[in-house]
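Data first, discussion second: the structure below is written as structure tokens.
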Amino acid sequence: MKVDLHIHTKTGSDGALPVEEVMAEARRRGITTMSVTDHDSVAAQEKARKLAREYNICYITGIELNVTFQPPQGKAISLDFLGYQFNADNIALNEKLKTMREHREWRAAEIMKRVNAEFGREGIPLLTEEDMGNIRESVDGAFGRPHIANYLVKRGTVSTVQEAFDRYLIKCDVPKFPLSLEDASQLVRQAGGLLVLAHPNDPNGTSMVAISRELGEQTRIIEKSMMEYIDGVECWHYRHDRAAVAYYLAFARQNRLIATGGSDCHQKPVVMGTVVVPADVPAQFGT
């Protein structure tokens, strides 16, 4: 059995492939249980469920929500939470996601204004309305900084996506939609789902590492500020080392939280099914 509960698509957010190709690739790779967890979007869920039935894949509804988390001390940070097994047609959830999409559009426009200001100072040709239209045409799912970065590479302004972030997109960033953990939990749970803290010890991503690299300190903060809002923790992730996996698995068991895992595949490259997630993980969802 192969289990992957963290996969993105171009249909819903920032994956490289549309949901149809993602599902076909999952079948080719022998994945038996999976979840598409696009950022702040359920656009791919209906098609994913349909194709999963055709391919005889056990499918769990999913989403990844970006949350503004306020720790007990210090400034607020950005964290990701995975929602599972909810009703993707829930009205309150979809209304909130619509508001978040609209904020993404506004945020992207503001980021591009700031990028143009940097270009002006450096004597680089500014992004035109035509450029901005071309960027929007490249977006199938949720509009975000990766779409701008990819366009800057295509335009020849930078050589790589990483360079685009290092030179412009980090400096020119605009805050994401301020979704609180309490709100995220309420949205997912009222839609019948479960909320899971994503990749808590990812050293290069949106994680608890922004507060502390010490695993014990991370879990102390989770115990103090998150337990009433979450149902699980993502233990297996491609940027979790063995120590982090073992520590968070023990933490989940001690606190009667579900333990999930996945590749976090954006098809850049295609790594679906490469993170070893135990075969008994889906049983936590009753599958």
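Just a few scattered comments:
- Those residues of segment 238-249 which are among the hydrophobic types (A, V, I, L, M, F, W, C) and either closer than 19 Å to Val281 by Cβ or part of a loop (DSSP other than H, G, I, E, B) (or both), in sequence order: Ala244, Val245, Ala246, Leu249
- Within segment 146-161, one or more residues are closer than 30 Å to Leu5 by Cβ and in contact with a Ser or Thr (Cβ under 6 Å, 6 or more places away or on another chain).
- Meets criteria (assigned to a helix (DSSP H, G or I), in the same structural domain as Val275 (by TED's automatic domain parsing) and modelled with pLDDT of 95 or more) for Tyr229: no
- For the residues Gln162, Gln218, the requirement of being surrounded by fewer than 19 Cβ atoms within 10 Å (Cβ to Cβ) and either assigned to a loop (DSSP other than H, G, I, E, B) or polar (S, T, N, Q) (or both) singles out Gln162.
- Applying the set (1) in contact with a Leu (Cβ under 6 Å, 6 or more places away or on another chain); (2) outside any loop (DSSP other than H, G, I, E, B); (3) farther than 23 Å from Phe86 by Cα to Cys235 leaves exactly one unmet item: (3).
- Selection status of Phe177, touching a residue at least 12 places away in the same chain (Cβ under 8 Å) and not in a helix (DSSP H, G or I): yes
- Of the residues making up segment 195-213, those that are assigned to a loop (DSSP other than H, G, I, E, B) and either crowded, with 16+ Cβ neighbours inside 10 Å or small (Gly, Ala, Ser) (or both) are Ala198, His199, Pro200, Asn201, Asp202, Gly205, Thr206, Ser207, Ile211, Ser212.
- Failed condition for Arg107, given (1) more than 20 Å from the chain's Cα centre (by Cα); (2) modelled with pLDDT under 95; (3) basic (Lys, Arg): (1)
The values are calculated or read from the model by the stated rules, or taken from the named source; none is laboratory data. Quick caveat: nothing in here was measured; it's all calculated off a predicted structure. Counting neighbours? That spans all protein chains shown, and the Cβs are built from the backbone with ideal geometry, glycine included.
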